[in-house]
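The values are calculated or read from the model by the stated rules, or taken from the named source; none is laboratory data. For clarity, every value in this text was computed on a predicted model and none was experimentally measured. Cβ coordinates were reconstructed from backbone atoms using ideal geometry, including for glycine residues, and neighbour counts include every protein chain displayed. Calculation scope for accessible area: heavy atoms of the full protein, side chains included, ligands and nucleic acids excluded. Shrake-Rupley method; radii C 1.70, N 1.55, O 1.52, S 1.80 Å.
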Amino acid sequence: MERLRRISQILFLIFFLYLFFHATYPYEGGVPAEIFLRISPLVAVITMIATRAFVATLIFGLIVLALSFFLGRYFCGWMCPLGTTIDLMDRLLGKLRRSDSKKVRKFRLWKFSILLAILVAAIFSFQFIWFFDPIVIMTRVATTSLYPIAVFFVDGTMNLLLQFGIFQDPLFSVYDFLRNSILPLEPLFFQQSVIFGLIFLGILLLNRFAKRFWCRYLCPLGAMFGFVSSFRLTKGISIDQKFCTKCGRCQISCKMDAIDDDFQSANAIECIECMSCIQVCPEQAISYKMNFRFARQKTDLSRRRFIWSTATGLLTLGLVKTGFPNKTSQGAVVRPPGALPEDEFLDRCVRCQECVKICSTTGKALQPAFLESGWEGIWTPMVNARHGYCEYNCILCGQVCPSGAIHPLELEIKKKLKMGLAYFDRNRCIPWYRNEDCLVCEEHCPLPDKAIKFDVREVRAQDGSTRVVKFPYVDESLCIGCGICVTKCPVTGPAGIFLTNAQEQRWGEMDESDGIYPENF
Ligand code: SF4
Ligand code: SF4
Ligand code: SF4
């Protein structure tokens with residue numbers, strides 16, 4: 001059984017990676033790339049509470065959670081990609097690890113406190129799972145840190161090997177194959193990738209203190225599964241007292257410290273159904289039973305801890321909501337096309353960076369925000385137009401967003417939808433400050449009627465001569481704010497044209513007067 005579980009873990013991890021690479025241009029359907037995020041019960045429950053709405057796309061998360069009434073924390077032991085990565089890391093760090101101390105058992109309650117704090121914040125319409133959900137963490141770190149690092153090293157190794165001048169043909173074939181399958185066309189760069197990478201590394205290194213430290217003590221999704229498992233209707237791991245010699249091997253092998261000290265039973269809240277205890281028991285006293293039983297297991301969440309967690313949730317919420325950056329920068333960023341109105345967008349977006357990943361394969365417009373849209377908007381996707389632009393023929397971000405923070409658009413609607421508006425900076429734009437022609441932004445504008453127009457005027461140059469210069473300006477009625485003019489502007493440093501969110505159209509705020517209101521909306 002344990003072997004079967006390991007195979008399941010590896011298959012789910014491979015499936016996770018397959019979906020990660022599947023989120024790329026051209027995105028040709030099949031299995032939705034965001035399916036892991038949609039089956040996270042934490043994403044489903046908290047998003048629905050924070051938005052006060054039933055989000056149909058997240059219903060699978062509720063089904064996955066309901067299965068815990070029968071199968072306990074099966075998700076943690078058999079499916080979770082972060083849990084599997086931690087197990088793999090555990091093998092690598094095994095020798096470094098200290099012996100798991102029972103003194104730290106009291107920290108088991110931390111995960112419930114975190115879950116409670118998140119729930120309290122969600123009730124006040126503030127969604128904070130983006131920092132804690134394991135699927136979100138995995139998707140985010142894979143996009144922003146692990147993948148760019150892998151690309152950097154693969155590129156570097158290939159270039160090094162090619163310089164030696166041997167095995168050139170097979171090397172080129174391998175490189176070509178990688179380029180056409182999993183490698184991007186150009187190296188990837190994401191804002192804050194170092195921060196995301198360090199947080200992930202921290203989670204893995206916590207294993208030095210206890211096996212599956214994150215899962216035992218911190219993961220709110222594990223806490224959610226554990227809470228439902230406390231009402232478990234089937235027996236699960238069962239220890240036959242007739243055969244048990246209390247040798248303690250099961251307890252040592254248990255990743256979650258779930259075997260009670262009297263070796264009478266496994267703690268249904270902590271047990272992740274990994275079956276290692278069955279494997280190691282020399283007396284074969286342990287088995288897995290699906291017999292019906294109902295005996296509520298208490299979570300021991302004391303009243304004091306309950307109050308602390310609630311207070312922490314409220315304090316965090318208050319601090320974030322009243323933070324000065326919210327006041328100064330709210331709504332100052334350009335969001336992807338189809339983004340919901342800002343408040344709803346912030347409630348829904350789980351900061352998984354799925355949209356950022358797929359965008360990096362088209363126009364590279366999206367980056368995770370820092371404080372550009374306040375504390376509340378941290379790590380949400382925003383357009384960094386100097387880095388990349390929204391590709392005119394692309395609607396992919398809305399297709400992979402698991403929570404509906406970006407509404408999926410039809411291409412014809414997207415082509416007319418205003419994400420923002422470009423403005424010229426006359427102190428930097430070449431024709432304006434140097435009195436020389438430059439047509440780059442106009443040439444790249446993808447609109448059939450071109451949103452950049454010219455005012456042709458005769459001017460006197462610095463040497464006293466006169467010349468005819470084309471002065472560009474933005475036709476506000478046409479510009480959709482895709483940002484390609486900013487990306488392509490040849491001026492060094494900040495561009496001669498910049499993108500703002502003026503006149504932006506958020507999904508759900510549009511009406512017939514916008515001319516793009518779909519009849520069935
Ligand atoms: S506790 Fe959390 S991270 Fe660990 S396996 Fe379960 S869901 Fe995954
Ligand atoms: S529609 Fe624009 S922002 Fe969205 S993925 Fe495509 S290029 Fe990126
Ligand atoms: S908007 Fe982007 S980061 Fe936010 S939930 Fe959707 S895909 Fe994830």
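Things to note:
- Any chance Glu391 is assigned to a loop (DSSP other than H, G, I, E, B), over 18 Å from the mean Cα position of the chain (by Cα) and either within 15 Å of ligand 2 (Cβ to nearest atom) or over 28 Å from Ile59 (Cα atoms) (or both): yes
- Selection over region 390-399 of residues that are within 9 Å of ligand 3 (Cβ to nearest atom) and surrounded by fewer than 23 Cβ atoms within 10 Å (Cβ to Cβ) gives a count of 1.
- Lone qualifier among Lys453, Lys470, Lys418 - being more than 16 Å from ligand 3 (Cβ to nearest atom), charged (D, E, K, R) and within 28 Å of the chain's Cα centre (by Cα): Lys418
- Of note, Cys355 satisfies the criterion of being within 26 Å of Val55 (Cβ to Cβ), open to solvent by 10 Å² or more (accessible area, probe 1.4 Å) and either among the small types (Gly, Ala, Ser) or within 10 Å of ligand 3 (Cβ to nearest atom) (or both).
Conditions tested, residue by residue: (1) within 16 Å of ligand 1 (Cβ to nearest atom); (2) among the polar types (S, T, N, Q); (3) closer than 17 Å to Thr47 by Cβ.
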{"residue": "Pro341", "(1), (2), (3)": "no, no, yes"}
{"residue": "Glu344", "(1), (2), (3)": "no, no, yes"}
{"residue": "Arg351", "(1), (2), (3)": "no, no, yes"}
{"residue": "Ile358", "(1), (2), (3)": "no, no, no"}
{"residue": "Thr362", "(1), (2), (3)": "no, yes, no"}
{"residue": "Ala369", "(1), (2), (3)": "no, no, no"}
{"residue": "Gly377", "(1), (2), (3)": "no, no, yes"}
{"residue": "Val383", "(1), (2), (3)": "no, no, no"}
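- Taking (1) modelled with pLDDT of 95 or more; (2) open to solvent by less than 70 Å² (accessible area, probe 1.4 Å) in turn, Trp432 satisfies each apart from (1).
- Taken over region 279-312, residues that are more than 30 Å from Arg3 (Cα to Cα), among the aliphatic types (A, V, I, L, M) and surrounded by 15 or more Cβ atoms within 10 Å (Cβ to Cβ) amount to 1.
- For beta carbons closer than 7 Å, sequence separation of 6+ or different chains, a first residue in region 353-372 that is closer than 12 Å to Thr139 by Cβ and a second that is within 16 Å of ligand 1 (Cβ to nearest atom), the qualifying pairs are Gln353/Thr139; Gln353/Arg140; Glu354/Leu37; Glu354/Thr139.
- Filtering region 10-44 to residues that are crowded, with 21+ Cβ neighbours inside 10 Å, touching a residue at least 60 places away in the same chain (Cβ under 8 Å) and in a helix (DSSP H, G or I) leaves Phe16, Phe20, Phe36, Leu37, Pro41, Leu42, Val43.
- Residues that are more than 27 Å from Thr47 (Cβ to Cβ) and touching a Pro at 6+ places or on another chain (Cβ under 8 Å) within region 394-431 comprise Phe424, Asp425, Arg428, Cys429, Ile430, Pro431, listed in sequence order.
- Residue within region 481-494 that is open to solvent by 20 Å² or more (accessible area, probe 1.4 Å) and modelled with pLDDT under 90 present: no
- Among helices (runs of 4 or more DSSP H) entirely within region 398-456, having at least 2 residues that are in contact (Cβ under 8 Å) with a residue 24 or more places away in the chain and within 27 Å of Gly338 (Cα to Cα) singles out 411-414, 440-444.
- Positions within region 164-219 being in a helix (DSSP H, G or I), over 24 Å from the mean Cα position of the chain (by Cα) and more than 30 Å from Arg386 (Cα to Cα), in sequence order: Phe164, Gln168, Asp169, Pro170, Leu171, Phe172, Ser173, Val174, Phe177, Arg208
- Cβ-Cβ under 7 Å pairs, at least 6 apart or on other chains, region 101-114 side assigned to a helix (DSSP H, G or I), far side away from ligand 1 (no atom under 15 Å from the Cβ): Leu109/Asp300; Leu109/Leu301; Leu109/Arg305; Phe112/Leu301; Ser113/Arg305; Ser113/Trp308; Ser113/Ser309
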